1. Let's test the formula: R0 of 35 Å, r as the Cβ-Cβ distance of A:GLN315 and A:LEU184. What FRET efficiency results, to the nearest 0.05?
2. With point charges of +1 on the Cβ of Lys and Arg and -1 on the Cβ of Asp and Glu, referenced to the Cα centre of segment A:3-214, which listed residue (A:LEU167, A:SER57, A:VAL69) lies farthest in the positive direction of the dipole?
3. Which of A:PHE103, A:ILE28, A:VAL232 sits farthest toward the positive end of the charge dipole of chain A, with +1 on the Cβ of Lys and Arg and -1 on the Cβ of Asp and Glu?
4. Let me check against my output: what whole-number percent is the relative contact order of segment A:73-150, with C-alpha pairs under 8 Å and at least 6 apart?
5. Any idea what the dipole of segment B:91-167 comes to, in debye rounded to 20, about its Cα centre with Lys/Arg Cβ at +1 and Asp/Glu Cβ at -1?
6. Could you tally up the Lys pairs in segment A:3-214 with alpha carbons closer than 22 Å? Skip any pair fewer than 8 positions apart unless they're on separate chains.
7. Once amide H atoms are built 1.01 Å from N in the peptide plane, which residues 5 or more positions from A:VAL134, or in another chain, come under 5 Å H to H?
8. Before rounding to the nearest 500, sum -39500 (n - 2.57) across all DSSP H runs of length at least 4 in chain A and divide by the residue total; then give [θ] at 222 nm in deg cm²/dmol.
Amino acid sequence: MEPEKYRELFLQLEAEVRKVIVGHADVIRKVLVAFFAGGHVLLEGVPGLGKTLLIKSLSRALGLSFKRVQFTPDLMPSDIIGTQVLAESDGRREFQFKKGPIFAQVILADEINRATPKTQSAVLEAMEEKQVTVFGESYPLDSPFMVLATQNPIELEGTYPLPEAQLDRFFFKLLVSPPSPRDLGEILQRTTGAGLREASRVFAHDGAAAVAQMQQLLRQVIIAPPLEDYVVRLVHATQPAAGKGNTIAAVHEYLRFGSSPRGAQAIILGAKGNALVEGRVHVSYEDIETVIYPALRHRLILNFQAEAENINADQILATLVKKVPRD
Amino acid sequence: MPEKLGSPERIAGRLAGRLKRHLWWDTLLVLFPPLFAVTSLGFLPYGAAWRPGVAWIGVGALLAASAFLIGLWRARGAAASVRQAARLIDRKVAGQERFVTLATMDPSACPPFLTARLRDEAAGLAPRLKLERDFPYRIKPSFFQSLILSLSMILLFLLLPQIAPVLTSERPGGELMRSAEQLARIPGFSELARKLEALAARLQEPALTDAARRALVREMLAQLARQRAAEQQPGGAGGELLDQAGDALRRLAQGLERGEERGGESGQGEGKEGRGEAGGLANRELAGKEPGPGEKQQPEKKRPETGPGKGEGEGKDKSREMKGAGKEQGGGTGGRNLGEEIPTGKSAERFLKPGEQVEKGMKGARFVTVQLPEQEAAREGGDSARGQGRQIRPKTAVSNVPLRRPDNPEAAAEKQPLPLEYRGLIR
């Protein structure tokens, strides 16, 4: 696929989603970048901001299969993955595997932090390996496969915060902010009127194949060795245990753990995706600095002092971008 | 006509070469002024006199070799690489890392169609760039710093022979002060030491004219000569110190004579006759002779006439100096501040010897000077000379009333410490 074609399809998809979703342009773009980079996205925001609608619109525009799972404390892993059921055919009774909702191309794991850790971890293998194993038998998932999870940051009672290992499997963590007054007016006009808008399919047929081509092109985008070194320095700088090699005070002061190598992978793939959307076939420093926040903010584990002083990961990342030299 | 720069990779390579040449120029410019300075100093007459020509050639060669090595080291260590040059181009043409990517990427690891597209994009930006215009050679501040330092070095070298004597010369009276301090440690010379200190202090007054200085020195020389004559044991410690003080005074007089001669060559209104007379007086005293009866007690009023012929404008200054000299003769403390504390009325014309009767007696006297015990007087004189200007009261009681015997019931209860120099007398 040519870079121009990629950009055209991407912008079409973006436009279709924006027909339904008002505002959140940055969130929509980054969700699409993560999708074509083959990653999963965690959306964090209060209820009613259009997270679910965004994901539904995206799957409709892509023309891919979509399933939604509402995570609750009594949700069991088999409710997501599927289970063996006793079935009778031709007079014989046998166990048959009944696929769960995970067997779709776009999964919406709504309020993922309400489910128990056991259920949350059931999604782990699916997210990383793109397959599930039931009673010793592995079942591959459809391609492309993407999990879009949402969580509510204000409710803590009755929730199970995602463990770091599971957080690390999300490509991006995006913060969905409340709409501006202007956007809110637009939302009211669209949703309280007679006709409701819906996203149209961008891919006429075999959307999965087109998506695969786009994902392949994204990985071919050129990145210069100095820029790769810059990403390495950035990720290394998040490690408080780096000792003398790390001279950034904020890291020592507020971080318990830094980013894993998955963070660096996410930055580079995200930067490549961003470069293609910007009409380039190579990564620039601007691409890296655009994607470093969603790629690393959930991978930095803050310590008690940071929480006491109301310091968040984005502030530390801003310091890193400022302090780590490009050359 | 736009400059043909070639492919983006070639542009980066050309810029790297250009920046390397800039670095060479920087190095040369920084090192040229010191080299020039050293060479120039080598050819200066007294510079060459200090060191033989071969040594200068050796130093020059060593410096040139050092300069070459420094240049080489800088060129290797600080020269811009192709990658850095590409980064500079990106900044200049807003290339968004296109040139850096092309300069550093491995073409075999990238899809050819993407590489070709990237190269086309970079080539499209190349016309914005003109190496001579965008990366001109500018003289760095380090050159100007080097130039200023080198010129300062040359100037210092040229001025050093002239300013060295000024820097090393001692303040007038410094040697005299040291002699006075040494004399003060010996019993019997404290009075003379005090006078020497007072003289040294007065000589440092900037308002004092050379003529007045010479007059003061001449008087002190005469006093020293009398004291030396009165010294019973020639060659003793006191005698040596007197000789030292005399030498110091003579050197001081010679210095004043030289200054007088220099001033006389260029100044106006200095009479040859006067200078000759003063010179004659100084020479007699420098020879260690007693002044003649007529010169011994020269009336102070007439001294300005016998001094070097100064202009009339200096009359007031001279009369003031003569007053100071009068105090010296009258046995005053001689310190400047002490002099200010004493009433400035007319002093006694002369001091009476014990038992001497004159017609007028002390009628004309307006004040008397109280002589304090030696140590206290010396301290007071010294402090005044240093200009502290505060009243110093003796810590011990001063009285001529004899103490009662220890077995007398009215004897004083307190015990006074006996000065060390008197212990030999009471035995």
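Values quoted throughout were computed directly from the atomic coordinates according to the rules given, and no laboratory measurement underlies them. None of these values were measured; they are calculated from a predicted model. In this analysis, Cβ positions are derived from the backbone assuming ideal geometry, glycine residues included, and neighbour counts consider all displayed protein chains.
1. Efficiency for this residue pair is about 0.80.
2. In segment A:3-214, that residue is A:SER57.
3. A:ILE28
4. Reported relative contact order: 34 percent.
5. For this selection, approximately 200 debye.
6. The number of close lysine pairs in segment A:3-214 is 29.
7. It is A:TYR139, by chain and number.
8. When only DSSP H runs of four or more count, the value is -14000 deg cm²/dmol.
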